[in-house]
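To start, the structure under review is shown below, and the notes come after it.
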There are 2 protein chains.
Amino acid sequence: MFSRSPDSVGTLLAGIRGGQIAALARAITWVENERAGFQKLLHSLLEDPFLAGAPGARVGLTGPPGAGKSSLVRGLAQGFLAQGEPVGVLAVDPSSPFSGGALLGDRIRLNDLATHEGLFLRSMAARGSLGGLAMNSHEVLDLYDAFGFSRILIETVGVGQSELEVAGAADTVMVVLVPESGDAIQALKAGLMEIADLFVVNKADRPGADALAREIRTALHLRQGETSSGAAPGAPPEWIPPVVQTVAHRGEGVAELLDAVAAHRRWMEAHGVLERRRSARAALRIRGILEREARRAARRSLDAPGVLAQALERIERRRGTPYSEADQILRALGWGNAEEGKG
Amino acid sequence: MFSRSPDSVGTLLAGIRGGQIAALARAITWVENERAGFQKLLHSLLEDPFLAGAPGARVGLTGPPGAGKSSLVRGLAQGFLAQGEPVGVLAVDPSSPFSGGALLGDRIRLNDLATHEGLFLRSMAARGSLGGLAMNSHEVLDLYDAFGFSRILIETVGVGQSELEVAGAADTVMVVLVPESGDAIQALKAGLMEIADLFVVNKADRPGADALAREIRTALHLRQGETSSGAAPGAPPEWIPPVVQTVAHRGEGVAELLDAVAAHRRWMEAHGVLERRRSARAALRIRGILEREARRAARRSLDAPGVLAQALERIERRRGTPYSEADQILRALGWGNAEEGKG
C-alpha cells in the first residue's frame, strides 16, 4: 500500500514485446524473487502467440570446474552472433564460500562480450551448492524464449545433479572434458554417456587430448553396439555424439563445434526428437511448478499467526513431534495423506 | 500383495529398542527410500518416551574438500568411545561424477573404525551436488537419537548451503580449515563466523598454521567487539569460538578438541542455549516435513492416470502452458493460490 512498483505484468509484457533489455532484466528479477504475480507473467508470456512463437535453440554445457566452459560459451556466442542469431546466456555459478577465484575470472572474461548488441548474459547462483541449476532457472529460460533469443546457452558446473538438470533444460547437451580430467572414463560411466549429445575435449593443445578423444569414441562405440542390436524396426537412425577437440581461449575448433551443434539440431528436427524432448521438458516443468507451489502453500500455512509457536510448545511439552505437528497442519489444509498415520 | 516385507513399524521399533544394529540399518534404508509408513515410524520413535529420552550431543564438521575432516571424525569418534559414549557418524558425500578419489579414500580409512563396538557409520549422498546435507538426513539423525548414540558426528563438505544446513542439524558446529586454504578470511566473511562454534586449523604441522590461527582469532576479536557493545543487559556471556590446532592423522590436538566440544556443551546448557537451538531445530524440522509432504502430494496428483498426458496434449495444441496446467491441478486439489491468476 505504501510503495507501488512501477512494473506490472502488462508493462513488462509490453517491454519484452518491444525488445527492451531493461524490461527483460526486471522480469528476471521478478521471477528470481518470486514476486507476487510472477506466475501470471510467465503464463501470459507463454500464451502470447507473438512471444511464444519460436523458442530458442538451447545448448547446455556441463563439465568439471576449470574445463574452460566459459571460454567455450564465449566462442559459441560469438559464432551465433556472427550468424545473425541473438544469444541469451544463462550461467549458473556455484555459491561456495570456499571456491577459488577461477570461476569469477571466467565470468569477467565473458562479461567483456556482454556489451555486444544481441547478447544478454545473466548469472544465477546455483540452488544449494556447486552445480545444479538455479532456483527458477527454467522460468528465466522461458523469459529468454519470449524475448526472442534464437540461441540460448546454459552453462553449469558439472557436479552431481547438474547433468540431469541441464539435460532437462536443453535441446543439445555438450559435455566438456580436458586432458587432465583423468577420471573421464569414470565420468562416462557415471551417466554422462546417456545425456551427452556432443563431447568437447577442450585444451586440446595439452598432452593426452588425442588419447582422451579416443577413449570417449571407444566408449561410445561399445555403447552403440549394445543399443543398436536392440533397436526397434523403423526407429530413427541413432545419433552418435561427435567428439570435437577445441582450444577455446584461442578460438580453435569452435567452428567445428558450431557445425556439430547445427548437425545435431537437424537430426533432432528430421526425426521428431526435438518435439519429444520439448514434450518431456513440458512434463518436467509442470512437475516443477506443482512442487514449487505446493512448497509455497505449505510455507504460508506455517507462517500463519500462532501456528508455529503452538506447535513448538506442544513439542517442548512432549505432546507432539515434528511429524505429528506437520501432519496436523497438512490435515487442516485438507491435504491428508492416506499413506500416513499417527503412531 | 505378492511380496511382503518382513519389516513393519512395530518390528523395527522393537529392534531399535533392543539395540539391534541391523534394525537401525534397515530403518535408515526405509527412511532414505521414503517407503510407505516411514513418517509413522519416525513419529513413533520420537514419541516413545524410552527411545526419545535423551537425544545425542550433535557435533557437525564442515570445511573445504581435503581439510582432513574424515581424519578428525575418526579421532573424535575414538575419543568419545574411550569415554564410554556410543557414537553415530553421518557422513554426507558429494555425488559428483567428476570428484576425485580423495573423499572415497577418507571414507575407507574411516570404515576401519566401523567394526568397533559402539560405533555406527552411515554415508549418504548429498542431495544435489557437492555439499549440503542429504535428503532425509534429519530423519536419519532422529534414528540415531532413538538408537541411543550419545554422541553424533555429522560430516559435510563445506560448500554452498552446507554450512547453514549443518548448523541447523548440530548443537556444536566445527569449521575445519587448513593452512593452504588461503581464502580462509574470505570464507570467514562469507558467513562462517556466524555459524562456527569452534575453529580447527588442521594439518597444523604445515607452514602457515600459526598465521591462519592468528587471523581467525583477530577476525573473531573484531566481531566480538561489534556484538558485545550492543548486547542486551542480562544476556548470557558470549561464547568466543576457540581455535584449536590439530594434526588429525597423527591424533595431535584431538584431546584439546574434545575438551573444547565439552566446554561448548557446558556453556550451552548453562545458559539455555541448547534448549533454544533445539527449539529452532524443531521449527526447521516442521517446515522441512511440511514441504516434503506437500511435494509428495503434488507428485501423486500428477501421477494419477491421464492427468499428465492430457496436460501435455493441451500444451502441444497451444491451449495451455505448464503454468496454467499446474494451476489447474492445484485448484482441483483445493490448493488454490490467491496470489495467482491465469492470464
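The values are calculated or read from the model by the stated rules, or taken from the named source; none is laboratory data. Worth saying up front: this structure is predicted, and the values here are computed from it rather than measured. A quick note on method: Cβ atoms are made from the backbone with ideal geometry, for glycine too, and the neighbour counts reach across all protein chains shown. In case anyone asks, the SASA skips ligands and DNA or RNA and just uses the protein heavy atoms, side chains included. Shrake-Rupley method; radii C 1.70, N 1.55, O 1.52, S 1.80 Å.
Of all residues in region B:190-221, those satisfying the criterion of being buried (at least 17 other Cβ atoms within 10 Å of the Cβ) and not aliphatic (A, V, I, L, M) are B:Asp197, B:Phe199, B:Asn202, B:Lys203, B:Gly208, B:Glu215. The residues listed here are A:Val247, A:Val261; of these, the one that is touching a residue at least 40 places away in the same chain (Cβ under 8 Å), touching a Lys or Arg at 6+ places or on another chain (Cβ under 7 Å) and more than 10 Å from chain B (Cβ to nearest Cβ) is A:Val247.
With respect to (1) among the small types (Gly, Ala, Ser); (2) within 13 Å of chain A (Cβ to nearest Cβ); (3) crowded, with 18+ Cβ neighbours inside 10 Å, the lone exception for B:Ala280 is condition (3).
Taken over region A:240-266, residues that are open to solvent by 50 Å² or more (accessible area, probe 1.4 Å) and over 19 Å from A:Lys69 (Cα atoms) amount to 2. Just one of the listed residues (A:Gly160, A:Gly230, A:Gly182) is at pLDDT below 90, open to solvent by less than 50 Å² (accessible area, probe 1.4 Å) and either assigned to a loop (DSSP other than H, G, I, E, B) or out of contact with any Ser or Thr (no Cβ under 8 Å at 6 or more places or on another chain) (or both), namely A:Gly160. The set of residues in region B:293-331 being modelled with pLDDT under 85, open to solvent by less than 10 Å² (accessible area, probe 1.4 Å) and not small (Gly, Ala, Ser) consists of B:Glu293, B:Leu330.
What number of residues within region B:290-319 are of a type outside the set (A, V, I, L, M, F, W, C) and more than 16 Å from A:Gly288 (Cα to Cα)? Let's see the steps before the verdict.
Going residue by residue through region B:290-319, those that are of a type outside the set (A, V, I, L, M, F, W, C) are B:291-293, B:295-296, B:299-301, B:303, B:305-306, B:310, B:313-314, B:316-319.
Now drop any that are not more than 16 Å from A:Gly288 (Cα to Cα), which leaves B:305-306, B:310, B:313-314, B:316-319.
Of the residues in region B:290-319, 9 are of a type outside the set (A, V, I, L, M, F, W, C) and more than 16 Å from A:Gly288 (Cα to Cα).
If you filter region A:39-95 down to residues that are hydroxyl-bearing (Ser, Thr, Tyr) and not in a helix (DSSP H, G or I), you find that the one that is farthest from the other protein chains (Cβ to nearest Cβ) is A:Thr62. Residue count for region A:310-324, restricted to those that are within 9 Å of chain B (Cβ to nearest Cβ), out of contact with any Leu (no Cβ under 8 Å at 6 or more places or on another chain), part of a helix (DSSP H, G or I) and not hydroxyl-bearing (Ser, Thr, Tyr): 4.
Evaluate region B:145-152: report whether one residue or more is in a strand (DSSP E or B) and at pLDDT 75 or above. Walk me through how you get there before you give the answer.
Initial filter on region B:145-152 (in a strand (DSSP E or B)): B:151-152.
Of the ones still in play, those that are also at pLDDT 75 or above are B:151-152.
Among the residues of region B:145-152, at least one is in a strand (DSSP E or B) and at pLDDT 75 or above, which makes the answer yes.
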